[in-house]
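The values are calculated or read from the model by the stated rules, or taken from the named source; none is laboratory data. As the structure is a computational prediction, the values presented were derived from the model and not from experiment. Here the Cβ positions follow ideal geometry from the backbone for every residue, glycine too, while neighbour counts run over all protein chains shown.
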Amino acid sequence: MSFVEPVTLSERGVTLEPLALVHEDGLRAAAADGELWNIRVTSVPEPHQTRTYIEDALAMRAAGNRFAFAVLDSTSGRVLGSSSYHDILPAVKRLEIGYTWYAQSVQRSHVNTTAKLLLMRHAFETLGCAVVGWRTDNFNFASQAAIERLGAKKDGVIRGHALRRDGTIRDTVMYSLRAGEWPEAKAQLLYLLERRR
């Protein structure tokens with residue numbers, strides 16, 4: 001039995017379901033909404049790489065170190081983007097949330113906050129995680145601000161950590177939230193979502 005088992009999570013018009021090949025066309029359309037693959041500090045697949053992106057995520061799921069979700073509009077079923085649990089460490093009850101991206105038309109909406117609420121609640125309250133982490137490119141300031149709005153604390157920067165798609169080497173900014181901090185973070189996320197109504 002895997003630490004992260006297949007599950008569908010849904011709330012406030014947003015549904016997360018296990019990423020599968022059936023999501024290929026929708027994921028391609030979501031990435032095309034804003035041509036997200038052109039953003040230097042993300043890893044959004046180019047249209048012709050969408051199937052490979054999903055296949056790689058499924059291989060990582062089989063290996064037990066990533067569990068990817070398609071993020072959908074609950075009413076229409078439209079694929080809005082994707083997010084994942086990754087770097088899953090069952091022995092210390094830690095995982096990270098990442099590989100997150102959304103169609104440009106739903107950025108700065110309730111979608112990311114709702115998806116993060118669902119993923120964090122499942123991680124802390126169902127999986128019993130002690131720590132949830134995030135990482136992002138040192139130049140992805142929008143992502144850093146979004147992670148900090150979740151209540152995560154900046155752990156530090158790993159210098160010269162990974163290659164970007166353009167071949168440059170990035171520094172990676174690391175964040176985390178401990179289980180004891182989750183109740184306050186959850187209350188803040190719910191407050192932000194209620195304010196948006």
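For segment 169-181, enumerate the residues that are closer than 17 Å to residue 43 by Cα and either charged (D, E, K, R) or in contact (Cβ under 8 Å) with a residue 60 or more places away in the chain (or both). Residues satisfying the conditions are 170, 171. One residue stands out in segment 144-170 among those that are aliphatic (A, V, I, L, M) and surrounded by 14 or more Cβ atoms within 10 Å (Cβ to Cβ): the one that is farthest from residue 117 (Cα to Cα), namely 158. Is at least one residue of segment 122-138 within 13 Å of the chain's Cα centre (by Cα) and among the polar types (S, T, N, Q)? Yes, segment 122-138 contains at least one residue that is within 13 Å of the chain's Cα centre (by Cα) and among the polar types (S, T, N, Q). Counting the residues of segment 16-53 that are among the hydrophobic types (A, V, I, L, M, F, W, C) and over 24 Å from residue 170 (Cα atoms) gives 9.
Of all residues in segment 43-64, those being closer than 22 Å to residue 118 by Cα and surrounded by 14 or more Cβ atoms within 10 Å (Cβ to Cβ) number 6.
Screening segment 35-67 for residues that are part of a loop (DSSP other than H, G, I, E, B) and within 17 Å of the chain's Cα centre (by Cα) and picking the one that is nearest to residue 138 (Cα to Cα) gives 41. In segment 88-109, the qualifying residues are those that are at pLDDT below 95 and within 18 Å of residue 188 (Cβ to Cβ), and the one that is surrounded by the fewest Cβ atoms within 10 Å (Cβ to Cβ) is 108. Every condition in (1) closer than 26 Å to residue 35 by Cα; (2) among the small types (Gly, Ala, Ser); (3) touching a residue at least 24 places away in the same chain (Cβ under 8 Å); (4) not in a helix (DSSP H, G or I) is met by residue 151 except one, and the failing one is (1). Picking from residues in segment 165-183 that are among the charged types (D, E, K, R) and not in a helix (DSSP H, G or I), the one that is farthest from the chain's Cα centre (by Cα) is 166.
Checked against (1) among the polar types (S, T, N, Q); (2) surrounded by 22 or more Cβ atoms within 10 Å (Cβ to Cβ); (3) farther than 20 Å from residue 17 by Cα, residue 112 meets all criteria but (3).
As a summary of the residue check, residue 177 satisfies the conditions (1) closer than 15 Å to residue 130 by Cα; (2) modelled with pLDDT under 95; (3) of a type in the set (A, V, I, L, M) except for the one numbered (2). With respect to the conditions (1) among the hydrophobic types (A, V, I, L, M, F, W, C); (2) in contact with a helix residue (DSSP H, G or I) (Cβ under 8 Å, 6 or more places away or on another chain); (3) over 21 Å from residue 136 (Cβ atoms); (4) not in a loop (DSSP other than H, G, I, E, B), residue 91 falls short on a single one, namely (2). Summed over segment 68-87, the residues that are closer than 18 Å to residue 44 by Cα and either at pLDDT below 95 or in a strand (DSSP E or B) (or both) give a count of 13.
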